1. Could you work out which residue, out of B:Arg11, B:Arg82, B:Arg105, moves most in a Gaussian network model of chain B, that is, has the largest mean-square fluctuation with Cα springs under 10 Å?
2. So, in Å, what gap is there between the alpha-carbon centers of segment B:142-173 and segment B:174-201?
3. Please report the relative contact order for chain B, taking Cα pairs under 8 Å with a sequence separation of at least 6, and give it as a percent rounded to a whole number.
4. Near B:Lys47, which lysines are there with a Cα under 26 Å away, not counting those fewer than 8 places off in the same chain?
5. Only protein chains counted, 1.4 angstrom probe. Which residues of segment B:1-36 are at least 10 Å² less accessible in the assembly than when their chain is isolated?
6. When you take every Cα atom in the protein assembly as shown, what is the radius of gyration, and what is Dmax, the widest Cα pair distance, in Å?
7. Report, in whole Å, the centroid distance computed from the Cα atoms of segment B:87-122 and segment A:38-114.
8. Return the carbon/sulfur percentage of the accessible area of chain A, one whole number, probe 1.4 Å, all protein chains in place.
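The values are calculated or read from the model by the stated rules, or taken from the named source; none is laboratory data. Everything quoted here is computed from the prediction, not taken from an experiment. Every residue, glycine among them, receives a Cβ derived from its backbone with ideal geometry; neighbour counts consider all protein chains shown. Surface accessibility is based on the protein's heavy atoms, side chains included, excluding ligands, DNA and RNA. Shrake-Rupley method; radii C 1.70, N 1.55, O 1.52, S 1.80 Å.
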Amino acid sequence: MHELSIALSVVDLAREEEGRHGGRVCAVHLRIGALAGVTPEALLASYEMACAETSLEGSRLLIEEVPVVVYCERCEARRPLESLQSFSCPECGTPVSRIEQGRELELVALEIEQ
Amino acid sequence: MSHEPRLVEVRRNILKQNDLVARELRQRFRDAGVFVASLVSSPGAGKTTLLERTLTLLGERFRVAALVGDLATENDAARLARSGAPVRQITTGTVCHLEAAMVQRSLDGWALDHLDFLFVENVGNLVCPASYDLGESMRFVIVSVTEGEDKPLKYPTIFNTADVAVLSKIDLAAAVGFDHEAALHSIESVRPGMRTIALSARTDEGMNEYTALLEEALHASRETAASAP
C-alpha cells in the first residue's frame, strides 16, 4: 500500500499552495486515473493520517476518478475502455495499446477560506 | 463580506518530484552509456534467481551491476554478490516500492560510466511500483508459472507500465499444469502487442532470448545517444 506516501505528497503540495495563496485549505480536489495505480478508498483513508497536526487537519479530500480512454487505430477515434481486463475497442473489438487518458494523478484545485 | 471558501485552480502532478528525479537519472544513465533495466514481480516470482543468472551470463562479456530493493534483510544482495558483480541493497523499511530518489541516493560513489548494464530489482509487489518511474530504460514484469495464467488480468496497471513480460520458472510448467496459451492471452488482453519471454533461470531455457534482447537494447540506446545532438 503506497497510498500513504501519495497522501503525504498531496499534503505537501497543498501546504505549498496554501503558503502561496494565503488562507487555510479546507478542501483538496484530485483527479485519479484508473491506471494511476492508486486506490481512491485507500487514499481517502490515508489522507486523514497525512493531515494530522498540519494546517490541513480537518480538510476534505475530493477525488474525481478518471476513466481510461484509448485510441482505436481502426476507427481512428478515441474510445472509452470498458474494462481494464480487456484493452480492445468497445466498438469494433480491435486490440488497442494507445492510452490517451487514465494515468492522471493530479492535484487540480483547492478550496481556501480566509 | 463573504466567508465562502474560494476555489483555486492548481493543476499539479502529485508525483512531480519523483518524475523530476527519474528524468535526471535517465539523462545521467544516458550520459554514462549504461543501460538500466528494472524488474518487478510479486514476492517469490523468481526475480533474484533471474537476476543472479543474468549477472553471471552477461557478466562474461559486459560490465554489470545491480541495485536490489527489499523491505528488510540484505540476503538478496549477498546472494547476488556471489556472481562477482557489484551489488548494492536498498532497504526500504516499511515502504513497499522503490522511488527514484532511493535509486539516486544508492548510486553515490558509483562510476556509472564504467558499467554497461545496471539492473534495479524492485520490492516484491505488483501494485505500488506501477506509480513510480525509476529512470530505467526498460521495465520487466515477471510472473512465474506457479502464479496462474490470469495474474495479468488481476494487475493490468503494472503490465501497462512495463515494457516486457517474463514468464519465469518455465521448467515447472508441466508440474503445475501451466497453460501457456492462456497466459499469453491474458497478457495480450491487458497489453496488446507486449513482448513476452518464457524462461527458466535454472535450466537456462529462454535465457538466450532474454539476454539478446538486453544486448540489442544496449546497442540501440548507445546508437541513439551517439546520434543525438
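1. Its mean-square fluctuation being the largest, the pick is B:Arg11.
2. 7 Å
3. 23 percent
4. B:Lys151, B:Lys154, B:Lys169
5. B:His3, B:Pro5, B:Arg6, B:Leu7, B:Val8, B:Glu9, B:Val10, B:Arg11, B:Arg12, B:Asn13, B:Ile14, B:Leu15
6. Computed over the Cα atoms of the protein assembly as shown, radius of gyration and Dmax are 21.7, 77 Å.
7. 29 Å
8. Carbon and sulfur together cover 46 percent of it.
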